[in-house]
Amino acid sequence: MKVIILAGGFGTRISEYTDVIPKPMIQIGGRPILWHIMNSYAHFGHKDFYVALGYKSEVIKDYFLNYSSLNSDFSVNLKTGVITSHNSDAEDWNITLVDTGSNSMTGGRVKRMKSFIGDETFMLTYGDGVSDIDIDELLKFHTNHGKMVSISAVRPAARFGELEIEDSIVKSFQEKPQLQQGWINGGYFVAEPTFFDLIDGDDTMLEREPLEQAATQKQLMAYKHDGFWHCMDTKRDHDLLESLCLDGAPWIR
């Protein structure tokens with residue numbers, strides 16, 4: 001199944017890195033977070049990627065154009081220009097890179113991918129979050145309910161310790177627990193091609209009119225994921241994900 005990855009935003013909240021590279025190219029564990037997201041899908045056999053580019057699109061294009069040489073040893077014959085790769089373990093992924101405009105909103109970027117997706121069910125996610133979500137179970141959930149869109153719902157870890165208080169007495173203290181309430185949008189969507197019709201154009205935010213309309217029409221279903229999920233919005237998020245890589249990244253199967 002085709003997978004759209006949104007990778008065109010400015011990433012202003014993590015400008016320590018995005019002044020130079022787009023957010024999806026920020027590395028964790030020696031690989032861009034975009035690679036980690038693709039690897040999660042590839043584990044379940046989904047290797048046909050459509051990356052919606054915008055801000056600093058040339059950086060992502062250059063990375064994949066030079067992927068083989070960046071990830072293998074090679075010899076170069078300077079006279080003939082012939083390059084011979086050694087020990088190449090390149091992934092068998094098909095990656096289509098599409099410039100969806102520097103200033104397009106998330107919905108607009110999705111809309112611009114319509115000609116590549118055609119009349120097929122497709123998957124969609126953001127280029128800045130990793131998860132151990134079971135893609136097979138997500139697809140099964142989507143197929144079984146028969147609605148237009150499935151969205152993964154997640155409960156991220158709290159940023160601060162959580163106190164349970166009764167009559168000023170602290171009944172329990174948990175240091176940065178996973179939130180027990182307040183499901184949020186974790187990305188990792190599955191959608192029918194009719195979803196494109198709910199998106200007006202470049203100025204449309206995916207998280208506003210399209211998903212709101214799908215919900216109003218009772219065509220939006222939530223797949224609850226209780227496992228690991230974390231986005232990379234700030235340098236603090238990046239540092240956490242980097243530290244998790246040292247201990248064995250929980251999103252890598």
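The values are calculated or read from the model by the stated rules, or taken from the named source; none is laboratory data. Just so it is clear, the model here is predicted, and its values are computed rather than measured. Here the Cβ is made from the backbone with ideal geometry for all residues, glycine too, and neighbour counts use every protein chain on show.
Tabulated values for the structure
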| read-out | value |
| --- | --- |
| Cβ-Cβ under 6 Å pairs, at least 6 apart or on other chains, segment 60-85 side free of Cβ contacts under 8 Å to residues at least 24 places away in the same chain, far side in a loop (DSSP other than H, G, I, E, B) | Ser68/Ala90; Ser72/Asn87; Ser72/Ser88; Asp73/Asn87; Ser85/Ser72 |
| In segment 107-145, the residues that are out of contact with any Phe, Trp or Tyr (no Cβ under 9 Å at 6 or more places or on another chain), more than 27 Å from Gly201 (Cα to Cα) and in contact (Cβ under 8 Å) with a residue 12 or more places away in the chain | His145 |
| Residues located in segment 173-208, provided they are charged (D, E, K, R) and at pLDDT 55 or above | Glu192, Asp197, Asp200, Asp202, Asp203, Glu207, Arg208 |
| Residue ranges of strands (runs of 3 or more DSSP E) in segment 1-87 with at least 2 members surrounded by 13 or more Cβ atoms within 10 Å (Cβ to Cβ) and among the aliphatic types (A, V, I, L, M) | 2-7, 48-53 |
| Condition check for Val170: more than 26 Å from Arg13 (Cβ to Cβ), modelled with pLDDT of 95 or more and not aromatic (Phe, Trp, Tyr) | no |
| Matching entry among Leu124, Leu163 (being at pLDDT below 95 and assigned to a strand (DSSP E or B)) | Leu163 |
| Tabulated pairs, segment 5-33, first in contact (Cβ under 8 Å) with a residue 40 or more places away in the chain and closer than 11 Å to Lys235 by Cβ, second buried (at least 16 other Cβ atoms within 10 Å of the Cβ) and aromatic (Phe, Trp, Tyr), C-beta under 6 angstrom, 6+ apart or interchain | Ile26/Tyr17 |
| Condition met for Phe228 (surrounded by 13 or more Cβ atoms within 10 Å (Cβ to Cβ), at pLDDT 95 or above and not charged (D, E, K, R)) | no |
| Residue identified as over 29 Å from Ser243 (Cβ atoms), in contact with a strand residue (DSSP E or B) (Cβ under 9 Å, 6 or more places away or on another chain) and part of a strand (DSSP E or B) among Leu97, Leu139 | Leu97 |
